[in-house]
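Input: a single structure, listed below in structure tokens.
The values are calculated or read from the model by the stated rules, or taken from the named source; none is laboratory data. Predicted model, so just to flag it, every value in this text is computed and none were measured. Counting neighbours? That spans all protein chains shown, and the Cβs are built from the backbone with ideal geometry, glycine included.
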Amino acid sequence: MHNKTIATHKAVDTNINQKRKVKRVKEMARAKKDLVIKPIKETKLRIEIIGDSTLILSGKARSYERVEVFKQSHDKGTEIPKELLQSKNPWEVLITSIHWLNPIEYHDEDYSLYTEEEWNKYMLENKPCILSNAWFGTFAEAFKTFGYKESTSKAGTDFQRAVNVKPLTPIEFAEAKTNMKLVPNTGINKVNVVQLQNEFDGWRCELELSVADVVFPYETILSVIQTAGTYIGLQTQRKNGYGRYHIGNIEIL
């Protein structure tokens, strides 16, 4: 009889534990349904950027990148395919060193197919773009140089993390031209190198970004952008006065 009573108590305890477990699972399910992750409050801005001096867009050409990718993905001494060692064509460099808003046609099989006519077509029908890292480069330089780091008690990394810029910013321009210049090489040899450049006068664009309010007030970001445009510049050869700009209209989205 005693053993039967113990067995009955165990059955009752097991039943109670199961009910508690079911209740706990239901409560957790309700908690998950009620859980709301609140996004960080941010301010979104659309800023008109108006160029004050010539903007130069010049990067690594596709032909150069293809050779470098092959070299770094193969053992040292591996023979480079002839397709990657085609004769240089300045129009290939000028066209493929720009980041375009819309995809362009690549002539990997024959670099001679890049022409001045194709360059003119893209300038008329497509849009050259400024990459987000170019904006961050000039903003970060202004942030560190002009006392924002001290006045805000924030580091340059805080600026980069708190501000979000669209990957591509298309530009409009009054005139586009090409140029070939000797520019200083920042490498070990310090020898001037020939650089093919796309140059834009009368340029402007709409910069769209968002800033986390908990890190910076948007007025600080606008001040950094204006200071960068006045004293730092944007893109290639900004140390020589290229790529200067100022802020036009500002829209809070």
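Residues in the stretch 32-47 that are assigned to a strand (DSSP E or B) and charged (D, E, K, R) were compared, and the one that is modelled with the lowest pLDDT is 42.
Here residue 191 meets the list (1) over 19 Å from residue 52 (Cα atoms); (2) among the aliphatic types (A, V, I, L, M); (3) surrounded by 13 or more Cβ atoms within 10 Å (Cβ to Cβ) almost entirely, failing just condition (3). Has the stretch 57-79 got at least one residue that is within 21 Å of residue 244 (Cβ to Cβ), in the same structural domain as residue 176 (by TED's automatic domain parsing), modelled with pLDDT of 90 or more and surrounded by 10 or more Cβ atoms within 10 Å (Cβ to Cβ)? Yes, the stretch 57-79 has at least one match.
Residues in the stretch 244-253 that are modelled with pLDDT under 95 and either part of a loop (DSSP other than H, G, I, E, B) or under 20 Å from the mean Cα position of the chain (by Cα) (or both): 1 in all. Going residue by residue through the stretch 222-241, is there one that turns out to be surrounded by 17 or more Cβ atoms within 10 Å (Cβ to Cβ), touching a residue at least 12 places away in the same chain (Cβ under 8 Å), of a type in the set (Lys, Arg) and touching a helix residue (DSSP H, G or I) at 6+ places or on another chain (Cβ under 9 Å)? Scanning the stretch 222-241 turns up at least one residue that is surrounded by 17 or more Cβ atoms within 10 Å (Cβ to Cβ), touching a residue at least 12 places away in the same chain (Cβ under 8 Å), of a type in the set (Lys, Arg) and touching a helix residue (DSSP H, G or I) at 6+ places or on another chain (Cβ under 9 Å). Checked against (1) in contact with a His (Cβ under 6 Å, 6 or more places away or on another chain); (2) over 27 Å from residue 101 (Cβ atoms), residue 227 passes all but a single condition, namely (1).
Taking first residues from the stretch 48-59 that are without any contact (Cβ under 8 Å) to a residue 24 or more places away in the chain and partners that are of a type outside the set (Asp, Glu) and surrounded by fewer than 20 Cβ atoms within 10 Å (Cβ to Cβ), no Cβ contact under 7 Å between residues at least 6 apart in sequence or on separate chains turns up. In the stretch 48-68, of all residues being of a type in the set (D, E, K, R) and either assigned to a loop (DSSP other than H, G, I, E, B) or in contact with a Ser or Thr (Cβ under 6 Å, 6 or more places away or on another chain) (or both), the one that is nearest to residue 221 (Cα to Cα) corresponds to 52.
Checking each residue in the stretch 109-135 for being closer than 12 Å to residue 169 by Cβ and free of Cβ contacts under 8 Å to residues at least 40 places away in the same chain picks out 131, 132, 133. Each residue in the stretch 69-102 was checked for being in a helix (DSSP H, G or I) and aromatic (Phe, Trp, Tyr), and 2 pass. Within the stretch 202-217, the set of residues being over 13 Å from residue 152 (Cβ atoms) and surrounded by 20 or more Cβ atoms within 10 Å (Cβ to Cβ) comprises 203, 205, 209. Here the helices (runs of 4 or more DSSP H) wholly within the stretch 115-233 that include at least 1 residues being touching a strand residue (DSSP E or B) at 6+ places or on another chain (Cβ under 9 Å) are 116-125, 132-145, 156-162, 218-227.
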